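What follows is a short report on a single structure.
The values are calculated or read from the model by the stated rules, or taken from the named source; none is laboratory data. Keep in mind that what you see is a predicted model, and the values were worked out from it rather than measured. Ideal geometry is used to build each Cβ from the backbone, glycine not excepted, and the neighbour counts take in all protein chains shown. Ligands, DNA and RNA are excluded from the accessible area calculation, which covers all protein heavy atoms including side chains. Shrake-Rupley method; radii C 1.70, N 1.55, O 1.52, S 1.80 Å.
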Amino acid sequence: MNKQIFTLFLIYILFCGANTLAQYSSRTKQSINEDWKFCGTHIEGGEAIELNDSTWTNITIPHTWNKLDAIDETKGYSRKVCWYRKTLFIPKENAKAHSYLLFEGVNQIADIYVNGQWVGQHKGGYTQFNFEITPYIGYDRKNIIAIKVDNRHNKDIPPLSADFTFWGGIYRDVFLVQTNDLHFNNSNYASDGVFITTPKVAKDKASVNIRSLVTNQSATKRPIKMTYSIVDQQGQTIITANKQVNIEKKETKEIVMNHIEIKSPKLWSPQSPYLYTAITQIIDVKTGSTLDESVLPLGFRWFEFTADKGFFLNGQHLKLIGTNRHQDYLRMGNALPDEMHIRDIKLLKKMGANFLRIAHYPQDPTILEMCDKLGIIASVEIPIIDKITETQAFTDNCLYMAREMINQNFNHPSVIIWAYMNEVLLRPPFKKDKEKHVKYLHHVTQLAQKIEDVIRTEDPSRYTMIPNHGAFDTYNSAKLTQIPMIVGWNLYQGWYGGQLDGFDKYLDRHKNELPNKPVIVTEYGADVHTRLHSFHPERFDYTVEYGNMYHEHYLNTILKRDFVAGANIWNLADFYSAFRGNARPAVNCKGIVGLDRELKDSYLLYKTALHAETVLEIGQKEWKIRGGIAREDGDYCIQPVNVYSNSKEVELFANGKSMGKRKVNAYKASWDIPFVNGDNLLEAVCIENGIKYRDRNMIDFRLAPLKPKSRSLPFTEINILLGSKRYFEDRLLDIIWIPEKEYQKGSWGYIGGTPYRKKTKYGSFPCADINIKDTDKDPIFQSQRVGLDAVKFDVPNGKYTLSLLWAELVSDIYHEKLAYNLGHEIIKEEVTNRIFNITINGETVENNLNIAEKYGAERAITKKYEITVSDGKGINIEFEAVSGNPILNALRLYKIQ
Ligand code: GCB
Ligand code: CA
């Protein structure tokens with residue numbers, strides 16, 4: 001053996017030695033995410049040892065097979081059975097170890113096979129689970145691990161229906177865990193096997209109880225010593241305790257150490273999330289070696305929800321403000337590495353939030369680890385959403401999930417609420433069959449009571465909560481406002497329907513009718529597409545400005561009412577919901593940050609309101625390319641600009657000129673700014689305690705001429721959304737689409753027609769909210785002018801490209817009713833045979849154009865025409881109806897020469 005090889009050999013021995021269980025004392029946990037094979041269709045015998053999987057796809061976990069099909073333009077996504085396989089090598093030095101496979105999350109049924117043999121099954125996509133594989137594995141050889149994953153709808157497994165994509169796959173980490181034959185029990189709902197409570201916490205003293213489940217898998221009775229130590233953040237052990245016990249062979253024993261007393265504990269809070277570490281060890285009395293060790297966070301806090309004054313932490317009033325969170329990301333589905341979960345909680349903390357509703361399901365373990373560390377108070381929830389199934393199997397699965405959730409997340413000081421049943425009476429079935437309907441409601445009440453009982457038994461130290469939608473009487477009469485300790489309301493007044501102040505009235509109704517019930521606004525939000533803007537914002541226009549109005553109103557209402565213990569914005573980030581139309585199809589865009597975590601304006605509003613330190617942020621920062629029309633009296637355009645601040649007074653400068661000082665009202669001050677063509681530098685300034693704060697934003701303003709023949713502002717291009725008040729920023733094409741205007745002589749604009757509005761049961765929307773095929777710029781096509789006669793441009797002579805953009809918005813294409821639209825369903829318009837002719841400067845360019853027939857409805861169509869203007873008469877595009885009303889969705893006019 002030459003020297004080099006010998007050194008390598010030594011390293012190898014050392015490395016394996018470190019991984020070898022027989023010689024070392026405690027457990028090991030290592031990820032086995034790498035080098036998996038994936039088969040996207042169900043095959044019989046996918047577990048067989050001899051199966052040739054060489055043609056399967058190589059993948060790495062986290063993985064979901066819906067990453068692409070749930071976000072493309074075809075309806076739905078595949079919910080099916082798939083297989084994962086991997087070979088696992090375990091050296092014979094580990095032959096004495098007990099080996100477990102630990103899965104943090106597989107959606108939604110997982111069947112685990114090792115070397116062709118079935119090991120077990122887990123149901124439910126959002127809780128972790130493990131299986132011991134020791135009896136099935138061989139050493140010093142390859143073991144075949146095969147996982148069958150079934151993501152099909154299953155009437156007995158919640159969630160049955162919800163407004164998010166049910167991504168299928170092994171989408172969280174997988175670990176190999178190896179223990180000694182005497183160890184903390186991992187088979188108790190895949191928990192730590194150690195449960196810490198702090199029954200008494202006060203400023204001068206706190207007591208800690210530690211209950212552990214210890215399993216002796218050996219064939220002999222064993223004397224062990226349990227040792228407990230509590231270590232502070234400096235690494236100082238501040239107290240230790242120990243206890244000797246005998247444990248029978250094959251026994252799992254509960255060992256309790258109560259009344260570990262800590263003097264003057266440092267308290268845990270959002271402001272100062274002080275964490276101690278609780279170390280529990282199992283020591284072999286004979287050898288003195290450590291058999292197993294548990295290291296857990298420990299935080300001291302006490303808390304109370306009251307019905308009249310809200311929430312108290314460590315004796316002090318604390319308004320809980322934060323968000324909800326889903327677990328997906330732009331083009332990655334739900335298969336995210338830990339770091340991306342961590343990043344989200346940091347983002348939440350940076351905003352100044354102190355509260356997170358982990359809805360609608362338990363999430364990656366890193367989420368609660370971060371909440372502990374950063375001081376975010378958490379509510380965790382099992383995914384019973386919208387409806388239930390009246391079967392024993394469904395009930396059993398709900399109760400099992402509740403136990404998993406509690407046992408797995410028990411030791412996080414950040415958790416103070418266990419929740420269940422989101423909006424379960426959204427659409428109670430059997431409305432036409434009274435008897436069946438009543439029976440269903442009764443079943444819901446009974447199920448709620450059963451879950452409530454399980455939670456209170458498993459963990460009497462925390463609160464329980466049911467989040468309902470805004471149908472007060474429905475939930476009240478089903479007792480869902482009485483069974484839990486806190487009532488959650490998901491409220492969308494001023495979004496799905498009604499007016500913004502309906503929110504205030506609803507909360508006040510709660511106070512009057514349920515004066516003894518603590519309340520949290522578990523959801524509120526409005527869809528915002530960051531590329532859309534409007535100075536006439538309205539419900540369902542998806543603009544940043546409507547979102548801002550909504551949040552300003554809600555935040556103010558929440559802050560004013562002490563009895564409202566807390567509120568969770570729906571949602572921290574935009575998330576995928578495969579069946580949604582929207583300004584961004586397949587996405588619910590109620591996030592205060594985008595799918596890519598781009599900050600929206602509303603994030604800045606909360607950041608301002610929730611910080612004690614000075615915050616100064618120019619609003620609409622994500623709007624980089626603005627546009628507008630020059631005024632009659634000069635080459636500029638006036639548009640409002642907001643600045644968010646918690647300072648009293650702010651001064652705003654535009655291109656170096658002061659626009660004046662303004663008092664800040666409800667965290668905001670506004671100015672009308674004269675934007676000029678090209679770069680515009682905005683600078684906001686405030687002074688607090690003698691310190692000057694500044695914020696800057698550079699805006700690229702595209703000023704469209706009012707009079708295209710004007711010398712000072714030559715015509716270059718214009719992009720118009722017909723029938724719309726919205727602006728759409730197209731960063732890819734580097735252009736801005738601006739709202740239409742009516743034609744005047746010497747200028748440009750439409751003649752005749754009316755803006756399209758989508759009729760709903762109780763009103764109308766300013767634009768369609770359906771997916772337009774063949775474009776990812778749906779908002780350009782979701783509005784239109786109907787029945788127009790012409791569009792005219794009094795442009796100078798030259799050569800132009802004119803693009804006309806269409807999508808037929810009226811069709812009989814079926815769209816399923818979206819459960820959460822709550823009665824504000826779209827009313828189908830009658831489909832007419834729309835046929836029209838178009839002439840440009842008298843020349844026919846389209847004859848008998850029937851968009852629906854020629855291209856299909858709900859599809860983006862762009863036609864370009866090259867035009868030469870030489871007679872000084874500009875461009876006149878005329879529409880002539882043959883049948884029905886002519887339409888135009890958008891128009892772009894570009895001067896070539
Ligand atoms: C709700 C649901 C949530 C939806 C949200 C919405 O009430 O609980 O799952 O995503 O409304 O945006 O409609
Ligand atoms: Ca993880």
Centre separation in Å (Cα based) which lies between region 96-174 and region 513-580:
37 Å
Can you tell me the accessible area per residue over region 194-285, all protein chains present, probe 1.4 angstrom, in square angstrom?
50 Å²
For region 603-639 versus region 360-424, the gap between their alpha-carbon centres in whole angstrom
39 Å
Given charges at beta-carbon only (K, R positive; D, E negative), |dipole| of region 743-897 in Debye:
380 debye
Across region 375-436, what fraction of all alpha-carbon pairs, as a whole percent, falls in each successive 5 Å bin from zero upward?
4, 16, 20, 20, 16, 11, 7, 4, 3, 1
Could you tell me the distance between the Cα centroids of region 722-801 and region 187-209, to the nearest Å?
61 Å
Figure the gain on full extension for residue 96 and residue 317 (residue separation times 0.36 nm, minus the Cα-Cα span) and round it to one decimal in nm.
74.2 nm
Selected from 558, 775, 323, residue furthest toward positive end of dipole (the chain; charges at beta carbon):
558
Along region 486-494, what does the Karplus equation 6.51 cos²θ - 1.76 cosθ + 1.60 (θ = phi - 60°) give for ³J(HN,Hα), rounded to whole Hz, x for Gly and Pro?
10, 9, x, 10, 9, 10, 10, 4, x
Residue 57 paired with residue 716, simple spin-label distance in nm, labels 7 Å along Cα-to-beta-carbon
4.4 nm
What percent does the relative contact order of the chain come to when contacts are Cα pairs within less than 8 Å and at least six residues apart?
8 percent
So for the pair residue 661, residue 140, with labels modelled 7 Å out along Cα→Cβ, what separation do we get in nm?
8.4 nm
So the FRET efficiency between residue 161 and residue 833, C-beta based with R0 = 56 Å and rounded to 0.05, is 0.95
Quick one: compute a quarter of the convex hull surface over the Cα atoms of the chain and quote it in nm².
45.6 nm²
Name the helices (complete DSSP H segments) of the chain with a Cα length along the long axis of 15 Å or more and a Kyte-Doolittle mean of at least -0.5, or state none.
3-19
Accessible area (Å², 1.4 Å probe, nearest 10) - residue 828:
120 Å²
How big is the Cα convex hull of region 449-557 in projection, averaged over all directions, in nm²?
8.2 nm²
Under 5 Å between amide hydrogens, which residues at least 5 positions from residue 63 or on another chain qualify, with H placed 1.01 Å from N in the peptide plane?
170, 171, 172
Considering only protein heavy atoms and a 1.4 Å probe, what is the carbon-and-sulfur percentage of the accessible area of the chain?
50 percent
Looking at the square roots a ≥ b ≥ c of the eigenvalues of the Cα gyration tensor of region 270-381, which shape do they give, rounded for a/c under 1.5, prolate if a/b is larger than b/c, or oblate?
oblate
Three-way shape call for region 41-101 based on the alpha-carbon gyration tensor, with the a/c threshold at 1.5
prolate
Value of Rg to Rh for region 16-169 (Rh from inverse mean 1/r over Cα pairs, i.e. Kirkwood):
1.00
Dipole of the chain [Lys/Arg +1, Asp/Glu -1 at C-beta], most positive-end residue of 845, 718, 382
382
In region 498-648, with Lys and Arg counted as +1 and Asp and Glu as -1 at Cβ, which of these residues, 543, 636, 500, has the Cα nearest the positive end of the dipole, that is, farthest along it?
500
Computed over the Cα atoms of region 193-241, what is the convex hull's projected area averaged over all directions, in nm²?
4.8 nm²
Kindly report the accessible area of region 547-634 per residue (heavy atoms of protein chains, probe 1.4 Å, no ligands, DNA or RNA), in Å².
26 Å²
Given unit charges at Cβ for Lys, Arg (+) and Asp, Glu (-), the dipole magnitude of the chain about its Cα centre in debye, nearest 20, is 1240 debye
Rounded to the nearest 20 debye, dipole of region 461-607 from Cβ charges on Lys, Arg, Asp, Glu:
420 debye
For region 720-806: relative contact order, % (alpha-carbon pairs under 8 angstrom, 6 or more apart):
31 percent
Taking R0 as 51 Å and r as the Cβ-Cβ distance between residue 263 and residue 74, the FRET efficiency 1/(1 + (r/R0)^6), rounded to the nearest 0.05, comes to 0.20
Label model pair residue 390, residue 774: point-to-point distance (7 angstrom along the Cα→beta-carbon line) in nm is 4.9 nm
Quick note, region 245-335: a/c under 1.5 would make it rounded; otherwise a/b > b/c is prolate and the rest oblate (a ≥ b ≥ c, C-alpha gyration tensor); here it is oblate
Any idea what the relative contact order of region 408-549 is, in percent, if you count C-alpha pairs under 8 Å spaced at least 6 apart?
18 percent
Out of residues 5 or more away from residue 882 or on other chains, whose amide H comes under 5 Å of its own, with H placed 1.01 Å from N in the peptide plane?
835, 836, 837
